[in-house]
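Report on the structure given below.
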Amino acid sequence: MKRCGLLGERLGHSYSPAIHAMLGDYEYRLYECPRDKLGDFLKARDFDGLNVTIPYKKAVLPYCAELSPMAAAIGSVNTLLRRPDGSLYGDNTDAFGFESLLRHAGLGPAGRKCLVLGSGGASATVQAVLRQLGAGSVTVISRGGEDNYGNLSRHRDAELLVNTTPVGMYPGNGLAAVDLTAFPNCRGVVDLIYNPARTALLLQAERLGIPCAGGLWMLAAQAKRASELFTGSAIPDDIIPCITAALRRETENVILIGMPGSGKTTVAMALAEKLRRPVLDSDAAVEETAGIPIPAIFEREGEAGFRRRETAALAELGKRGGIILATGGGSVTRPENYDLLHQNGTILWLRRDIAKLPTDGRPISQSRDLSELLRERTPAYTRFADHIIDNNGTVEETLCRILEVLP
């Protein structure tokens, strides 16, 4: 069996093994390699094929006996093949992946002023593809170049932005390299990051109504091309959406919101058993960090203190992937919580008739008229929810409704 894998400095976030398990019959391992050991690793040639990621896409060039025309033109390698004579051949399948992503997202660069954030190996690939597809102009924004983050105002007319930096990538969720309001002519945003599924940059694009796309499709597409190189066999392009959908199902969180007592915990437990996923509860996380029950938090710190603790808990829980998360009934009262939940999740509003809502142990429910509370929160529930799920019947009926809408 061929020995393949992914070479990088830190690879804890990688989806590549799962992708290649869907593509071919070969071993696929993660090779974490310190920078000072890269030469020794490559000279040992203890592999048949490798994908290469941050920060080695340019660093592997001197070790290649030959480059593909694309890799040579770009000056960046993301796929290595060990040939029968032991020498290394370098190729670049990111170019195929990025072009596939642009076409799938309908974000063609032809005639547009394009801004590329970052100047590393991924940037070189993006620049080459944009020019090949007829971009009106391509400008690279780096920290110290002529065009940098300090003089972005000269590029207010940019129409397509592509982020190739790791800014906003897990575990640094919530950060963005630029503020999109600085680009009033922007008509498309691409972020090559795929974890989280929606970076802060993409979440802002959504709020502004700008078409946008993350890097998951590109990851699947470049892997398809790399697998063809590893095995020497062609793979139909229609496997790309299949892989992307499978990864979304595996990694995207299911977030349950709704009024106190609407059944979020019960449904979360049943759904977790059905999908074989871990289930977490934001109220439980708040209690764990505070060291006291929620009613005691309300008594000591008031609702404002509890909400601050809740947002801190959601910031950590929202970074996770592949979980079922039951949230507190008032989690929607802070607008900033939306991004924390939506970055990796599908948000479901469990709606139950007021007459069926219990109030025991729920400070807000006991102190407020439930009808008034529901009227107050309904706009926020509606704004947060990707889908509204009726939860007035049995748990089994609710699960069926949820499974119908999940990716």
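The values are calculated or read from the model by the stated rules, or taken from the named source; none is laboratory data. Keep in mind it's a predicted model, so treat the numbers as computed, not measured. Here Cβ is always computed from backbone atoms with ideal geometry, including for glycine, and neighbour counts include all displayed protein chains.
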Residue check: is Asn148 of a type in the set (S, T, N, Q), under 28 Å from Cys242 (Cβ atoms) and outside the structural domain of Ala71 (by TED's automatic domain parsing)? no
Could you go through segment 207-214 and let me know if any residue there is surrounded by fewer than 23 Cβ atoms within 10 Å (Cβ to Cβ) and either touching a Cys at 6+ places or on another chain (Cβ under 6 Å) or of a type in the set (Phe, Trp, Tyr) (or both). yes
Pairs returned, first residue in segment 233-245 that is under 15 Å from Leu101 (Cβ atoms), second residue that is polar (S, T, N, Q), beta-carbon separation under 8 angstrom, 6 or more apart or interchain, are Asp237/Ser100; Ile240/Ser100
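Quick one: which helices (runs of 4 or more DSSP H) sit completely within segment 292-407 and have at least 2 residues that are of a type in the set (Gly, Ala, Ser) and surrounded by 15 or more Cβ atoms within 10 Å (Cβ to Cβ)? Steps first, answer last, please.
On the way: elements: 294-317, 336-342, 363-367, 370-384, 395-405.
Once the helices (runs of 4 or more DSSP H) in segment 292-407 are filtered for at least 2 residues that are of a type in the set (Gly, Ala, Ser) and surrounded by 15 or more Cβ atoms within 10 Å (Cβ to Cβ), what remains is 294-317.
Residues checked against (1) surrounded by fewer than 16 Cβ atoms within 10 Å (Cβ to Cβ); (2) of a type in the set (Lys, Arg); (3) out of contact with any Leu (no Cβ under 8 Å at 6 or more places or on another chain); (4) free of Cβ contacts under 8 Å to residues at least 24 places away in the same chain:
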site: Tyr26; (1), (2), (3), (4): no, no, yes, no
site: Cys33; (1), (2), (3), (4): no, no, no, no
site: Leu38; (1), (2), (3), (4): no, no, yes, yes
site: Ala44; (1), (2), (3), (4): yes, no, yes, yes
site: Leu61; (1), (2), (3), (4): no, no, no, no
site: Ala72; (1), (2), (3), (4): no, no, yes, yes
site: Pro84; (1), (2), (3), (4): yes, no, yes, yes
site: Gly97; (1), (2), (3), (4): no, no, no, no
Please name all residue pairs, on different chains or six or more residues apart, with Cβ atoms under 7 Å, provided the first residue is in segment 273-287 and is crowded, with 19+ Cβ neighbours inside 10 Å and the second residue is among the hydroxyl-bearing types (Ser, Thr, Tyr) and assigned to a helix (DSSP H, G or I). Asp281/Thr265; Ser282/Ser331
Just one listed residue, out of Arg143, Arg198, is basic (Lys, Arg), surrounded by fewer than 18 Cβ atoms within 10 Å (Cβ to Cβ) and assigned by TED's automatic domain parsing to the domain that holds Gln127, and it is Arg143
The lone exception for Glu206 - which of (1) in contact with a helix residue (DSSP H, G or I) (Cβ under 9 Å, 6 or more places away or on another chain); (2) in contact (Cβ under 8 Å) with a residue 24 or more places away in the chain it fails: (2)
Residues of segment 1-13 satisfying the condition of being buried (at least 18 other Cβ atoms within 10 Å of the Cβ) and either touching a Gly at 6+ places or on another chain (Cβ under 6 Å) or without any contact (Cβ under 8 Å) to a residue 60 or more places away in the chain (or both): Cys4, Gly5, Leu6, Gly8, Leu11
Can you find, within segment 15-73, the residue that is farthest from Ser87 (Cα to Cα) among those that are in contact with a Phe, Trp or Tyr (Cβ under 6 Å, 6 or more places away or on another chain) and among the hydrophobic types (A, V, I, L, M, F, W, C)? Cys33
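Quick check on my filter: what residues within segment 230-276 are more than 29 Å from Phe47 (Cα to Cα), in a loop (DSSP other than H, G, I, E, B) and among the small types (Gly, Ala, Ser)? Outline the logic, then answer.
Restricting attention to segment 230-276, the residues satisfying the condition of being more than 29 Å from Phe47 (Cα to Cα) are 245, 248-249, 252-276.
Next, from what is left, pick out any that are in a loop (DSSP other than H, G, I, E, B): 252, 258-263, 276.
Passing the criteria: Gly258, Gly261, Ser262, Gly263.
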